[in-house]
Amino acid sequence: MASSNDSLRPAADLAREASARELFPLDLSAEEYAARYAHRIGCSSFDDYSYMDPKLDAWIQHFHAIMRTPGKVAECRRKYLTPEEIAAIEDELASGGGL
């Protein structure tokens, strides 16, 4: 899933690559991760960099595209979460939890 600005992204250093591997679980799709955890992410610059692992790089770029697209996180929640899980996230946000 390469984009036209791939050549403009600097390579992530080894520490950032390691952090990305810890933060972003490739065993979940970017869509499901956004559904479950987007409300806990205030901002992220991980998509500003390219990663040696093409799967990790594509996952991060896709996740950030979801986060930037109005309505996409809600769409992912409807697809991956139960109504109870969605209500719990809404309650967390209403009580000041999440970001």
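In table form, for the structure just shown:
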quantity: Computed lengthening from Asp13 to Leu93, 0.36 nm per intervening residue step minus Cα-Cα distance; calculated: 25.4 nm
quantity: Spin-label model distance (nm) - Arg36 vs Lys55, 7 Å beyond Cα toward Cβ; calculated: 1.7 nm
quantity: Proximal charge balance of His64 [Cβ under 13 Å; K/R count +1, D/E count -1]; calculated: -1
quantity: Normalised per residue, the volume of the convex hull around the Cα set of the chain (Å³); calculated: 103 Å³
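Every number in this text was worked out from the coordinates using simple rules, so none of it is lab data. Everything quoted here is computed from the prediction, not taken from an experiment. So basically every Cβ, Gly included, is an ideal-geometry build from the backbone, and we count neighbours across all protein chains shown.
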